[in-house]
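This report refers to the structure that appears directly beneath it.
The values are calculated or read from the model by the stated rules, or taken from the named source; none is laboratory data. Only a predicted model underlies this, so the values are computations on that prediction, with no experimental measurement involved. So basically every Cβ, Gly included, is an ideal-geometry build from the backbone, and we count neighbours across all protein chains shown.
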């Protein structure tokens with residue numbers, strides 16, 4: 001039974017790999033699984049995950065521990081892209097091979113149609129990867145800055161909250177888990193209470209929070225609440241020396257009073 005030639009497979013695989021490599025470079029910059037290097041250079045893209053991580057740390061130069069964390073985050077993102085690339089190659093080749101086996105040949109227009117259809121699916125998935133990994137990297141960068149500030153003021157387990165974007169696209173989990181029942185005042189957490197992995201549906205329903213956000217395109221941003229601060233009308237504000245916002249929320253005292 002006639003199918004796609006090995007030469008044809010190589011051409012298709014090479015074309016798809018080039019497209020994915022271009023996308024990966026824009027998201028990851030010069031970072032590769034082989035080198036594990038992170039370069040911040042004006043010659044490469046300026047809006048990579050690495051730059052997003054540093055911006056979240058208030059543009060502070062990452063130390064060795066923070067660079068190691070960033071390498072792990074970039075490696076995970078690269079793995080997601082590689083997995084999508086390989087799946088796309090397989091789907092395109094299988095579809096073309098099946099067409100040839102069933103009809104004996106395939107037209108250039110049909111090949112274009114198959115490639116276009118599968119790449120369309122991949123673009124949607126790639127957007128999801130980009131949004132999810134951007135949220136995770138941004139909030140991990142913020143977490144590193146929070147820990148550094150907490151250490152500087154002698155707070156080993158800082159109090160944190162998530163700044164929520166309020167619009168028609170804000171989901172119920174962002175509102176329910178990141179805010180109090182008034183859906184305006186941020187809910188506060190000890191840093192140790194925050195997860196650092198993607199949440200499951202069960203996690204979200206249980207009210208869990210994570211630096212990876214509530215969902216792949218979560219826009220909520222992790223922020224530290226300084227000692228003595230609380231909230232007034234949903235905004236962080238100085239309450240007074242010794243004020244314990246976490247204790248206030250846990251005992252049901254109005255956080256905005």
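Just the residues that are within 27 Å of the chain's Cα centre (by Cα) and loosely packed, with under 12 Cβ neighbours inside 10 Å, please, taken from region 92-121.
Correct list: 116, 120.
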Exercise. Does residue 169 qualify as being surrounded by fewer than 13 Cβ atoms within 10 Å (Cβ to Cβ), assigned by TED's automatic domain parsing to the domain that holds residue 222 and at pLDDT below 95?
Worked result: yes
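Please pick out the residue among 213, 234 that is at pLDDT below 95 and under 21 Å from residue 147 (Cα atoms).
Exactly one residue qualifies, and that residue is 213.
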Exercise. Given the conditions (1) surrounded by fewer than 17 Cβ atoms within 10 Å (Cβ to Cβ); (2) part of a loop (DSSP other than H, G, I, E, B), which single one is not true for residue 219?
Worked result: (1)
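Between 71, 18, 89, which is modelled with pLDDT of 85 or more, more than 28 Å from residue 219 (Cβ to Cβ) and surrounded by 13 or more Cβ atoms within 10 Å (Cβ to Cβ)? Walk me through it before giving the result.
Details: 71 fails: more than 28 Å from residue 219 (Cβ to Cβ); 18 fails: surrounded by 13 or more Cβ atoms within 10 Å (Cβ to Cβ).
Checking each option against the conditions leaves just 89.
Only residues that are in a loop (DSSP other than H, G, I, E, B), over 12 Å from residue 222 (Cβ atoms) and touching a helix residue (DSSP H, G or I) at 6+ places or on another chain (Cβ under 8 Å): list them for region 188-198, please. Reasoning before the result, please.
Keep residues of region 188-198 that are in a loop (DSSP other than H, G, I, E, B), which gives 188, 194, 196-198.
Cutting the leftovers down to over 12 Å from residue 222 (Cβ atoms) gives us 197-198.
Across region 188-198, the qualifying residue is only 198.
Among the residues of region 141-166, which ones are part of a helix (DSSP H, G or I) and surrounded by 17 or more Cβ atoms within 10 Å (Cβ to Cβ)?
Step one: of region 141-166, the residues part of a helix (DSSP H, G or I) are 141-152.
Matches in region 141-166: 141, 142, 143, 144, 145, 146, 147, 150.
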For this session: Please work out if residue 176 is touching a strand residue (DSSP E or B) at 6+ places or on another chain (Cβ under 6 Å), assigned to a helix (DSSP H, G or I) and either closer than 13 Å to residue 219 by Cβ or in the same structural domain as residue 232 (by TED's automatic domain parsing) (or both).
Result: no
